[in-house]
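The next block holds one structure in the form of structure tokens; read it before the comments.
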Amino acid sequence: MNLNDYIDILPEVQQALNENIPVVALESTIIFQGMPYPKNLECSANCEETIRSNGAVPATTAIIDGRIKVGVTKQDIDYMIEKNDVLKVSRRDLGQVVAGKKNGATTVASAVIIAELAGISIFATGGIGGVHRDVQNSYDVSADLPQISQSNVGVVCAGAKSILDIGFTLEYLETLGVPVIGYETSDFPAFFTRESGFRADYSMNSMEIAQMLKAKWDLGIRGGALIGCPVPVEFAMDKAVIDNAIEKALAEAELQHIHGKESTPFILGKVLEVTGGASLETNMQLVKNNCKIAAKIAMAYASL
Ligand code: PSU
Ligand code: MN
């Protein structure tokens, strides 16, 4: 396969990759299905700016008219917003959306596949998909988890939302052999709040994370690592407030029989509604924080 047959790498990103300048890949489901307009555009621009001001080059991933984009321009995003037909593309959808020349937003799963193809080792997002709380009935486990165990990309996030069963999600990652790192903390964060009640496997700083990834990949142990960064204290939500919103959102999803790929976006939308927008502010701030840390890790990795 010739990469050019399917993938357009933005010149700025290609140049960075050629010159060993750190690059941080980003997903786009967070823009097109995860946040309302126009805050989503603000968040996307903030993320790219934060990565730049921390010395790395951002590469937002998406699919436009069937072409896989590694790095998108403002015009690309405007085009996708205007078309209003952007599909949520996870691993299983990628071939179909490319072959069918459709528009798609990447999940963590498809974004890390694309990042690895482009040669990008560090990726940032808000929260990952995981094992859903009603897994006994729904069998709903995000394709993000097995994909993180297969793609050689470090995934920087703010932990997992408690719309998921965080304990089961961590157990599943252990089975898959994915190391779970707390960024300078031994607690695994719960997205809106700094602690989930579960511990990360290791507490590490950015250089330690870079060295761990290098050793793992040098040894031929495939797959990434999950790096959980607690939301900055000043932006963390009150646990009782967010727990209540999540309970309501989950109940509503059950009532309306929401399943499959609709599940995560539906629940996220409801949480936003119930918290009256407070969760959106926290969401934007934590993604920005993750981008900053991802840039630091990418910088450390490039120095090895
Ligand atoms: N969790 C969030 N915000 C998000 C997502 C998850 O807190 O925007 C998105 C990510 O793109 C993630 C995807 O990869 O949802 C997981 O979807 P699913 O559970 O259908 O695999
Ligand atoms: Mn699912």
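The values are calculated or read from the model by the stated rules, or taken from the named source; none is laboratory data. Worth saying up front: this structure is predicted, and the values here are computed from it rather than measured. For neighbour counting, all protein chains shown are included, and Cβ atoms are generated from backbone atoms with ideal geometry for every residue, glycine included. For accessibility, only protein heavy atoms count, side chains too; no ligands or nucleic acids. Shrake-Rupley method; radii C 1.70, N 1.55, O 1.52, S 1.80 Å.
Per the Kirkwood formula on distinct C-alpha pairs, the Rh of segment 57-106 is how many angstrom?
10.7
What is the set of long-range amide H partners of Ser149 at a cut-off below 5 Å, with H atoms built 1.01 Å from backbone N?
Gly224
Glu273 label point, 7 Å along Cα→Cβ, cut-off 14 Å on backbone N: hits in segment 125-152?
none
State the answer as a single residue: which of Gly34, Ile114, Phe192 lies farthest towards the positive end of the charge dipole of segment 3-303, with beta carbon charges of +1 for Lys and Arg and -1 for Asp and Glu, about the Cα centre.
Ile114
Modelled label-to-label distance, Val233 and Ser203, 7 Å Cα→beta-carbon offset: nm?
According to this spin-label approximation, the distance is 1.4 nm.
Dividing the convex hull volume of the alpha carbon atoms of segment 112-202 by its residue count, what do you get in Å³ per residue?
Enclosed volume per residue, from the Cα hull, is 89 Å³.
Per residue, how much accessible area does segment 3-303 have with a 1.4 Å probe, in Å²?
Heavy-atom accessible area per residue stands at 43 Å².
Rounded to the nearest 0.05, what FRET efficiency do Arg67 and Glu42 give with R0 = 22 Å and r taken as the Cβ-Cβ distance? Could you check?
0.30
What length, rounded to one decimal in nm, is gained on full extension from Met1 through to Glu171, with 0.36 nm per residue of separation minus their alpha-carbon distance?
Extra length from Met1 to Glu171 when fully extended: 57.6 nm.
So, in nm, how far is label Glu12 from label Leu304 when the simple model puts each one 7 Å beyond its Cα toward the Cβ?
2.7
Going from most exposed to least, what order do Phe168, Phe235 have by accessible area with a 1.4 Å probe?
Highest to lowest solvent-accessible surface, that is Phe168, Phe235.
Residues in segment 278-304 near a label at Gln211, defined as backbone nitrogen under 14 Å from the 7 Å Cα→Cβ point?
Flagged as within label range: 300-301, 303-304.
Helix-only mean residue ellipticity at 222 nm, the chain, DSSP H runs n ≥ 4 weighted -39,500 (n - 2.57), per residue, nearest 500. What is it?
For the chain, the value works out to -14000 deg cm²/dmol.
Got a number for the accessible area of Cys291? Probe 1.4 Å, square angstrom, nearest 10.
My reading of the accessible area for Cys291 is about 0 Å².
Amide H neighbours of Asn205 under 5 Å, at least 5 residues apart or on other chains, H built in the peptide plane: list them.
HN-HN under 5 Å from Asn205: Glu184.
Along the charge dipole of segment 3-303, which of Leu87, Gln14, Ala302 sits closest to the positive end, that is, farthest toward it, with unit charges on the beta carbon of Lys, Arg, Asp and Glu (+1, +1, -1, -1)?
Gln14
Taking only the alpha carbons of segment 3-303, what extent do you get along each of the three principal axes, in Å, biggest first?
Between the extreme Cα coordinates on each principal axis of segment 3-303 lie 49, 43, 34 Å.
For segment 4-47, which whole percent of the accessible surface, found with a 1.4 angstrom probe, sits on carbon and sulfur atoms?
50
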